[in-house]
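Here's the structure we're looking at; comments come further down.
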Amino acid sequence: MSVLTLTIEGRDVAGQTGHTILQVARENGIAIPTLCHLQGLSDVGACRLCVVEVEGQRKLFPACVTTIDEGMKVTVNSERLAAHRRRIVELLFTERNHICSVCVADRNCELQDLAVEVGLTHFDLPLLSPQAVVDATHERFGIDHNRCVLCTRCVRVCDEIEGAHTWDVMGRGTEARLITDMGIPWGDSNTCTSCGKCVQVCPTGALFEKGRSVAEARRRRPYLPYLVAHEGRTR
Amino acid sequence: MTEAGTPTPARRRRQESLIPAGPVRASAHVCMAAGCLSMQADTVFDSLCERVTARGLTDVAVKRVGCLGLCAAGPLVAVPEMGRMYDHVAAGDDAALDGVVDGLAGGEGGRQTATDPFFSHQVKVVLEHCGQIDPERVEDYVAVGGYESLTKAVTTMTPAEVLGEVSRSGIRGRGGAGYPTGLKWTTVAKTDSPQGKYVVCNGDEGDPGAFMDRSVLESSPQQVLEGMAIAGYAVGANHGYVYVRAEYPLAVKRLTTAIRQAEHAGLLGPRIADTSFGFDVEIRIGAGAFVCGEETALIASIEGGRGTPRPRPPYPAASGLWGKPTLINNVETLASIPAIIGRGAEWYSAIGSGKSLGTKVFALAGSVVNTGLIEVPLGLTLREIVFDIGGGLPGGGKFKAVQTGGPSGGCMPESLLDMSVDYESLAQAGSIMGSGGMIVMDDGTCMVDVAKFFMDFCREESCGKCVPCRVGTTQMYHLLDRITRGLASRDELGELESLAGMVRDTSLCGLGQGSPNPVVSTLRYFRDEYMAHIDDHVCPAGVCKMEPREAALAAGEVAP
């Protein structure tokens, strides 16, 4: 494994072959907003918040799945990227029913944090306000599809770490929904081990533990790196 | 079925071609592709057989063939020996059926294919055998020189020579993006993989109005299989998959027959042409998702997963199906290969112009007289395609635009009619070559409505994986919907343009990145139509139903 040198935000940094732009940036204290990425899980490049500019390339690259190259010049913050990121967060807020004041994850929500981080102060686009359901059939947990952002962290943690693959996605476009097993109520699932990892990794209030107050709904995420031997596995 | 006293034709079971034992003076080729079959071409075929037999024409053949091209005028019957094409030969239409039989007997009638511009302006490479051979008989394909190129490649050429020939031909991917085929093949060939490689034929054609791949698979499936085997030999793969949409049952059926027959004849399978090279092909049927035409989604679908794209790199050429190097080519690209190997790269690269060499099959649809399947050398102008080959607009309609490239493409206005149809010119005009759908629009078409149609398509077909495509296309659709209802403001048009740029820049795959194209290109050439909807609450084409302004104001749907 050899060491590569590159520039991120004008700073000379070094990283190992096969490491991603995101990894190297974070090692060097350069912040790149992410949502679907979670250390310890495979990366899917789906939320597009971490897109960065690479000099000499017209396309934007998702930092979480783009591996570094020798001499690469990466721009993490630019007016264009800031506008795109703000728009992505706006799209997520307008897609379903994200009403912070009545949410179990209020003040403990990555979507809320992102809105602050990217400076989203208002919506230019109308709310789509879909009629999404809540599945409270599981004895300990519940899922409120109104608050789901389809980051698929739960799908990956369930498949890759718990090994149960209870969660998956069905449907297309804005009709896409998380499902348990082949679309049966969560409580009827015979693959779910009730381990609760999905609840811990959910960035919003979509997956929640029953009987907990808002103040208690803090996620315990740092346990994940202890569960996996190494990070940065990509599919 | 044979009348007493007339000589017995060689053999004929129901639904099999009628071939006389002796020399053939004339033959009726009855189109059996999906378009004509939907107009009972099989009944036409039976009636023609009966009539030929009844007339005692013993030196006349009646053959089942694939697409004859002029799909709008079906059912079609061609008599190639006399250079004639009979259109609208409807089942039960005695006059039309007798007309064909009269022609076979030596009488006049039909269209002259040598002078009819629809036929005479075309150059057929991919469609060379369409309409000439029975797609369900491997013998027919072999009789016109089929599998000679494969035999030539595996017995007289090294894989490197095959790669060189394909590279020098200058052919580019016919699936839409136009990536140089030779380069793609060479990349896969150079990637070491002791565990094997794969060749995948992408037949997940889904652009609205496009049916090139379907027609090729229905009319000359062996040609595609031969192209795949040659590709396998060149890149070092022994296993191929054809991914076909479930919406093409006839193509699936004929392909299944073709694979069985080719394996039976020793043209596919182990030890092709007594060499150590073996190649087999399996069919995978799509479940109806447009996005599965995207190569990484297609691979996920073949592997049995959910058809969603993944970020590239790694490209399938490095890590594709089951993580092995995989060559993915479109049906049309692979169908061009036998001719390139058989006749040589120089012959192929003499067709076309500039960086766009060879021929391209287009499905001509919309407001045009000769709706159907055509193959032209690249570099012809839009005007030649729409007016000479297509015969112009029906009923003297006025030309407004032509759309290429499906939901990722754009609309070209009248001022671009003299533009050459090649990869670079189309990209410059804000469209793409795409897989080959070409939709002609007359002045009764509202361009905002067209943009809305394609956005609705993208919104529905978005796989839902990445945020910009999933939510962005939905929001753009809603904005376009408001414009077509006369509710939108200029600010909302600004929002639409800003969203278009963002979705193009940040989407994960080509479907999302290309989805704003219909909006951007119609805004570029037909901005006045958008402004008429917004400022004057009028749809200039009279298509969109404007909502009364007062009622909308009262309902709070518009800003005062």
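The values are calculated or read from the model by the stated rules, or taken from the named source; none is laboratory data. In this text, all values refer to a predicted model and were calculated from it rather than measured experimentally. When we count neighbours, we look across all protein chains shown, and the Cβ atoms used for this are built from the backbone with ideal geometry, even at glycine. Ligands, DNA and RNA are stripped out before the accessible areas are found, and what is left, the full protein with its side chains, is counted by its heavy atoms. Shrake-Rupley method; radii C 1.70, N 1.55, O 1.52, S 1.80 Å.
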Single unsatisfied condition, A:Cys36 versus (1) open to solvent by 10 Å² or more (accessible area, probe 1.4 Å); (2) of a type outside the set (S, T, N, Q); (3) within 13 Å of chain B (Cβ to nearest Cβ):
(1)
A careful count of residues in the stretch A:161-177 that are under 25 Å from B:Ala287 (Cβ atoms) and part of a helix (DSSP H, G or I) gives 3
The stretch A:43-56, residues that are within 12 Å of chain B (Cβ to nearest Cβ) and either more than 27 Å from B:Gly307 (Cβ to Cβ) or surrounded by fewer than 19 Cβ atoms within 10 Å (Cβ to Cβ) (or both)
A:Val52, A:Glu53
Residues within the stretch A:122-160 that are open to solvent by less than 40 Å² (accessible area, probe 1.4 Å) and part of a strand (DSSP E or B), tallied:
5
Only one residue in B:Val144, B:Val200 is out of contact with any Ser or Thr (no Cβ under 8 Å at 6 or more places or on another chain) and within 30 Å of B:Cys67 (Cα to Cα). Which one?
B:Val144
Checking the condition under 24 Å from the mean Cα position of the chain (by Cα), of a type in the set (Ser, Thr, Tyr), open to solvent by 10 Å² or more (accessible area, probe 1.4 Å) and within 14 Å of another protein chain (Cβ to nearest Cβ), which residue from B:Ser301, B:Ser319 passes?
B:Ser301
Name the pairs: first residue in the stretch B:447-471 and closer than 17 Å to A:Thr94 by Cα, second residue of a type in the set (Phe, Trp, Tyr), Cβ to Cβ under 6 Å, at least 6 apart or on different chains?
B:Arg459/B:Tyr477
Exactly one of (1) out of contact with any strand residue (DSSP E or B) (no Cβ under 9 Å at 6 or more places or on another chain); (2) free of Cβ contacts under 8 Å to residues at least 24 places away in the same chain; (3) within 29 Å of A:Leu49 (Cα to Cα) is unmet by B:Ser319. Its number?
(1)
In the stretch B:467-498, which residue that is among the hydroxyl-bearing types (Ser, Thr, Tyr) and within 8 Å of another protein chain (Cβ to nearest Cβ) is most open to solvent (accessible area, probe 1.4 Å)?
B:Ser498
In the stretch B:153-204, residue most open to solvent (accessible area, probe 1.4 Å) [restricted to those that are out of contact with any Phe, Trp or Tyr (no Cβ under 7 Å at 6 or more places or on another chain) and basic (Lys, Arg)]
B:Lys190
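Taking the condition assigned to a loop (DSSP other than H, G, I, E, B), more than 14 Å from every other protein chain (Cβ to nearest Cβ) and buried (at least 19 other Cβ atoms within 10 Å of the Cβ), does A:Ala105 pass?
When the stated conditions are applied, A:Ala105 passes them.
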Within the stretch B:341-365, considering residues that are surrounded by fewer than 21 Cβ atoms within 10 Å (Cβ to Cβ) and farther than 30 Å from B:Ala229 by Cβ, the one nearest to the chain's Cα centre (by Cα)
B:Ser353
Residue list for the stretch A:11-23, filter: closer than 23 Å to A:Glu160 by Cβ, more than 14 Å from chain B (Cβ to nearest Cβ) and either of a type in the set (D, E, K, R) or open to solvent by less than 30 Å² (accessible area, probe 1.4 Å) (or both):
none
Considering the stretch B:444-463 alone, what residues qualify as being within 8 Å of chain A (Cβ to nearest Cβ) and open to solvent by 10 Å² or more (accessible area, probe 1.4 Å)?
B:Arg459, B:Glu460, B:Glu461, B:Cys463
Leading residue by the ranking (nearest to the chain's Cα centre (by Cα)) among those in the stretch A:65-85 that are facing chain B (nearest Cβ under 9 Å) and in a loop (DSSP other than H, G, I, E, B):
A:Val65
Flagged in the stretch A:82-93 as surrounded by fewer than 19 Cβ atoms within 10 Å (Cβ to Cβ) and touching a residue at least 24 places away in the same chain (Cβ under 8 Å), in numbering order, are A:Ala82
Before we move on, is A:Leu111 within 11 Å of another protein chain (Cβ to nearest Cβ) and of a type in the set (A, V, I, L, M)?
no
For the stretch B:286-295, indicate whether the set of residues that are surrounded by fewer than 20 Cβ atoms within 10 Å (Cβ to Cβ), within 14 Å of chain A (Cβ to nearest Cβ) and closer than 22 Å to B:Asp213 by Cβ is non-empty.
yes
Hey, does the stretch B:171-180 have a residue that's over 30 Å from B:Val440 (Cβ atoms), touching a residue at least 12 places away in the same chain (Cβ under 8 Å) and out of contact with any Lys or Arg (no Cβ under 8 Å at 6 or more places or on another chain)?
no
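When you scan the stretch B:538-560, how many residues do you find that are among the charged types (D, E, K, R), under 30 Å from B:Lys398 (Cα atoms) and open to solvent by 70 Å² or more (accessible area, probe 1.4 Å)?
Final tally of qualifying residues: 1.
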The residue that is nearest to the other protein chains (Cβ to nearest Cβ), considering only those in the stretch A:161-177 that are over 19 Å from A:Cys47 (Cα atoms) and crowded, with 18+ Cβ neighbours inside 10 Å, is A:Thr166
Output for Cβ contacts, cut-off 7 Å, separation at least six or different chains, first residue in the same structural domain as B:His537 (by TED's automatic domain parsing) in the stretch B:549-560, second surrounded by 10 or more Cβ atoms within 10 Å (Cβ to Cβ) and among the charged types (D, E, K, R), reads none
So, B:Leu327, is that one away from chain A (no Cβ under 14 Å), surrounded by fewer than 24 Cβ atoms within 10 Å (Cβ to Cβ) and over 22 Å from A:Val44 (Cβ atoms) or not?
no
Residue list for the stretch B:499-520, restricted to those being under 13 Å from B:Gly409 (Cα atoms) and either out of contact with any strand residue (DSSP E or B) (no Cβ under 6 Å at 6 or more places or on another chain) or facing chain A (nearest Cβ under 7 Å) (or both)
B:Arg504, B:Gly510, B:Leu511, B:Gly512, B:Gln513, B:Gly514, B:Ser515, B:Pro516, B:Pro518, B:Val519, B:Val520
Among (1) away from every other protein chain (no Cβ under 14 Å); (2) open to solvent by 60 Å² or more (accessible area, probe 1.4 Å); (3) out of contact with any Gly (no Cβ under 7 Å at 6 or more places or on another chain), there is one condition B:Phe526 misses while meeting the rest; what is its number?
(2)
Considering only the stretch A:178-198, how many residues are away from chain B (no Cβ under 14 Å) and either over 14 Å from A:Val155 (Cβ atoms) or in a loop (DSSP other than H, G, I, E, B) (or both)?
13
By my count, helices (runs of 4 or more DSSP H) wholly in the stretch B:48-152 with at least 1 residues that are of a type in the set (A, V, I, L, M), open to solvent by 10 Å² or more (accessible area, probe 1.4 Å) and without any contact (Cβ under 8 Å) to a residue 60 or more places away in the chain are B:94-105, B:138-143
